[in-house]
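Data first, discussion second: the structure below is written as structure tokens.
The values are calculated or read from the model by the stated rules, or taken from the named source; none is laboratory data. This structure is a prediction, so every number in the text was calculated from the model and none was measured. Here the Cβ positions follow ideal geometry from the backbone for every residue, glycine too, while neighbour counts run over all protein chains shown. Side chains included, ligands, DNA and RNA excluded: accessible areas come from the protein's heavy atoms. Shrake-Rupley method; radii C 1.70, N 1.55, O 1.52, S 1.80 Å.
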Amino acid sequence: MDNFITGHADNIAHLAGNARYRFIQHDVTNFMYVEGALDGVLHFASPASPIDYLELPIQTLKVGSLGTHKALGLAKSKGARFLLASTSEVYGDPQVHPQPESYWGHVNPVGPRGVYDEAKRFAEALTMAYHRYHGVQTRIVRIFNTYGPRMRARDGRVVSNFIVQALKGEPLTLYGTGGQTRSFCYVDDLIDGIHRLFLSDRADPTNIGNPNEFTVRQLAERVIALTGSSSPIVEKPLPEDDPKVRRPDITTARAVLGWDPKVQLEEGLQRTIAHFRTAIAR
Ligand code: UDP
């Protein structure tokens, strides 16, 4: 299910004609009806790029709250297992580094990013309540910065922005001085981690992300080198409440799921650059 508020039908075009696949265009903040039995409900619906959730603040709050409620209700009625896509944003601008699942976070609830952070924090609380009160089998993945093929060219997040800018010969827009850090996870690793978590019996939140940490300036330099671009780097204002550091503590995922990321930044960037070269040429 998707209402395509930020997604696109092109991303699922290759699944058309697959007898085991069915797509329903629907906004999950509204009641959902699905016929027949369900084994699992995996709730990923939400704008997730900062520029999207700043532009769609009410929809972001609604999908994290009402959408999670509807998705949990569906799982409960079908006796299905439920998985919530949560986020490293629940840690806000963290004062504990790296971030273990036990850290409660440092979030500005009324700042511009609060619409996403608080919606996801509410979604986690609601998921735990359905688990404890209704006995629904629930899983919560806290996703750290993920990138890879099929991101939108104008997604607004840093990896896609830098790659597209480098390939077009435009300046790379570094917000602030670029000294802030992120730890980038390649999409295939994320999916493997989520799959393992879904099949596990762990109800508590679980970080999935690559713990290799880079400054945003280092990322810009890597992208320029790997694309062979002559684009300059220009500094732009740092968005409000932009976290200064971010790196997952993945001790739990390693111990409980036997999971470890396999694709490091260089290789992941190369695969993503290849995708954007074709996408831009089209
Ligand atoms: N960023 C940047 N240039 C861009 C886009 C983002 O320097 O064109 C920075 C942003 O300020 C943040 C980091 O890159 O410090 C990651 O931003 P992104 O939007 O990818 O996601 P976030 O981790 O902030 O949720």
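Each semi-axis of the equivalent ellipsoid for the stretch 18-80 is √(5λ) with λ an eigenvalue of the Cα gyration tensor; in descending order they amount to 24, 14, 9 Å. For the stretch 1-57, the share of accessible area belonging to carbon and sulfur comes to 53 percent (1.4 Å probe, ligands and nucleic acids excluded). The ellipsoid equivalent to the alpha-carbon distribution of the stretch 1-156 has semi-axes of 25, 21, 14 angstrom, derived from the gyration tensor eigenvalues as √(5λ) and listed largest first. Inter-label distance, Leu199 to Phe44: 1.8 nm, where each label sits 7 Å from its Cα along the C-beta direction.
Toward the positive end of the charge dipole of the chain, with +1 on the Cβ of Lys and Arg and -1 on the Cβ of Asp and Glu, the farthest Cα among Thr68, Pro243, Gly17 is that of Gly17. Relative to the longest principal axis of the Cα atoms of the chain, the long axis of helix 216-227 lies at roughly 70 degrees.
Note on the stretch 74-143: Cα-Cα pairs beyond 20 Å make up 34% of the total pair count. Using every Cα-Cα pair within the stretch 103-216, state what percent have a distance larger than 17 Å. Of the Cα pairs, 68 percent sit more than 17 Å apart. The Rg/Rh ratio of the stretch 136-282, with Rg taken over Cα atoms and Rh as the Kirkwood radius over Cα pairs, comes to 1.01. The C-alpha atoms of the chain define a longest principal axis, and helix 114-134 lies at about 30 degrees to it.
The residue among Phe198, Leu174, Tyr186 whose Cα reaches farthest toward the positive pole of the charge dipole of the stretch 150-209, with charges on the beta-carbon of Lys, Arg, Asp and Glu, is Leu174. Dividing the Cα radius of gyration of the stretch 53-115 by its Kirkwood radius returns 1.05 for Rg/Rh.
Taking Cα atoms only, the orientation of helix 265-281 departs from the longest principal axis of the chain by about 90 degrees. Rg of the Cα atoms in the chain, relative to 2.2 N^0.38 Å, amounts to 1.00. Pairs of Lys residues in the chain are counted when their Cα atoms are under 19 angstrom apart and they lie 8 or more places apart or on different chains; the count is 6.
May I ask for the percentage of alpha-carbon pairs in the stretch 1-49 that lie more than 14 Å from each other? Within the stretch 1-49, distances greater than 14 Å cover 60 percent of Cα pairs.
For Thr251 and Val34, a Förster radius of 35 Å and the Cβ-Cβ distance give a FRET efficiency of 0.45, rounded to the nearest 0.05. Stokes-Einstein at 37 °C, 0.692 mPa s, Kirkwood radius from Cα pairs: D for the stretch 209-282 in µm² s⁻¹? The calculation lands on 218 µm²/s.
Only Cα pairs under 8 Å and 6+ residues apart enter the sum, and on that basis the relative contact order of the chain stands at 19 percent.
If R0 is 30 Å, the Cβ-Cβ spacing of Asp188 and Glu55 corresponds to a FRET efficiency of close to 0.55. Dipole magnitude for the stretch 100-161: about 240 debye, using +1 per Lys or Arg Cβ and -1 per Asp or Glu Cβ, origin at the Cα centre.
What order, most packed first, do the peptides 68-80, 212-224 have when packing is the mean number of other Cβ atoms within 10 Å of each residue?
Averaged packing, sorted descending, gives the order 68-80, 212-224.
About the Cα centre of the chain, how large is the charge dipole given +1 on each Lys and Arg Cβ and -1 on each Asp and Glu Cβ? Please answer in debye to the nearest 20. For this selection, approximately 460 debye. Residues whose amide H lies under 5 Å from that of Leu83, counting only those 5 or more places away or on a different chain, are Val41, Leu42, His43, Arg139; hydrogens are built 1.01 Å from N in the peptide plane.
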